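Working notes, beginning with the structure itself.
Each reported figure results from applying straightforward, stated rules to the coordinates on display, with no laboratory input. Just so it is clear, the structure is predicted and the values come from calculations on it, not from any experiment. Cβ: placed from backbone, ideal geometry, glycine included. Neighbour counts: every protein chain shown.
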Amino acid sequence: MLNTLRNPTFRHLFAAQLVALLGTGLATVALGLLAWQLAGDTAGAVLGTALAIKMVAYVTLAPVAAAIAERLPRRAFLVVLDLIRAVVIACLPFVTEVWQVYVLIFLLQAASAGFTPAFQAVIPDVLKDENDYTNALSLLRLTEDLEQLASPMLAALLLTMVSFPVLFAGTVLGFVASALLVVTARLPDRVRGEDSHLWTDVTKGIRIYTRTPRLRGLMVMEAAVAAAGAMVYVNTVVLVQARLGLGEEAVALAFAGFGAGSMLAAFMLPRILERRQDRPVMIGGAALMVAGVALVPLVASLVALIALWAVIGFGFSLTQTPIGRIINRSAREADRGAVFAAQFALSHACWLVTYPLAGWVGAGAGLSVAALGLAAIGAASLAAVLRLWPADDQTILAHDHPDLPQDHPHLAEHQTPHAHAVVIDELHRRWPKAA
């Protein structure tokens, strides 16, 4: 897995992701404590609303940002967005009203909606070999898990010496360091597709995504992931401080349990994916998450909560890490950024529903009702995945092109009917049926 760090460009990008997420992990803990300070027992509802605003920014702006990114230099685009995020985070310690949190969260996530898909689309251009790319995905998954493990541990340590607003300063430093590392990386030039109108580029990723069977299944699977994840992200602070009656350090430890389970799965995944296809691994991970959330009403101690969060975290990593492999298999290099943006937007549309649901139902009807409701959503989503994502998911498909003239270059290269790796593009506007 560590061999991928021999690539200097990936090494710089990996380090940029590492420091940015280390800071983001501090902000995750600090934001929960800020919500508790401003709203008390209704902190879950505040967090649910704030995270729903985050999802609105992701869903609406990610495809637009991807279309704009195709027209701008990669490095400058990523660096500017990192610096914007640093400035917004620097404002959070000074808020005094809940609405101010909401405004700053929208601005922060508007920048992230552009940064994250653009960053994801660079990695397969840097690492062409699929095994290297799989190892890179696992390493990047580990950096994201630092938000749940190392960052909360560091937050717990810092909270013994300073008040929680100081944690936001660590996030600012993380984004600034990320920008500096991206500046020093030698990014490959972007492969340009056909010249087209901006709106065509905005909708291109969504069109590819919704016309590819495996991606349609992935989209529905994200509903199960979001149902389970929302319970963790929104209601951990309420579970720990209201139900269990524990303090701020225990909140950090609960998040660390989730991160530990996710990291364990990320370490194991390269070997697992050598022996198993992506589909059963991801379905198994999502099922593990849903089952874990269904057990939340039984939690009566911090140890039990940490253990359960670790199980859910393990399933989360099994489900999320292989996504890049599936997108890489399902799009041309020129379209990859648009499809990553579509994945980002469509998956977060699921979170847009489950975040406020977890917060509002938890605050109004109780955490046990919220957990069982979210588990039911996850179970229904998994049932739909089994129908939408074919078990025999073939990349190379036999098909023909009755709409193309006989002298078309594509038919000159491939006889009719013919078989090759199929992705949705100008020549394959619909997923072909076998010829």
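What ranking do 123-134, 82-93 get when scored by the average of other Cβ atoms within 10 Å per residue, highest first?
Numbers: 123-134: 17.5, 82-93: 19.8.
The most tightly packed comes first, giving 82-93, 123-134.
Once phi is turned into θ = phi - 60°, what whole-Hz ³J(HN,Hα) does the Karplus curve with 6.51, -1.76 and 1.60 give for every residue of the range 120-134, x standing for Gly and Pro?
Here the 3J(HN,Hα) series is 4, 6, 6, 4, x, 6, 7, 10, 7, 6, 5, 5, 4, 5, 4 Hz.
Sort the following peptides by mean Cβ neighbour count (other Cβ atoms within 10 Å, averaged over residues), highest first: 383-391, 303-311.
303-311, 383-391
Compute the length gained on full extension between ALA391 and VAL183: take 0.36 nm times their separation in residues and subtract their Cα-Cα distance, giving the result in nm to one decimal.
Numbers: separation 208, 0.36 × 208 = 74.88 nm, distance 4.28 nm.
Extra length available between ALA391 and VAL183 comes to 70.6 nm.
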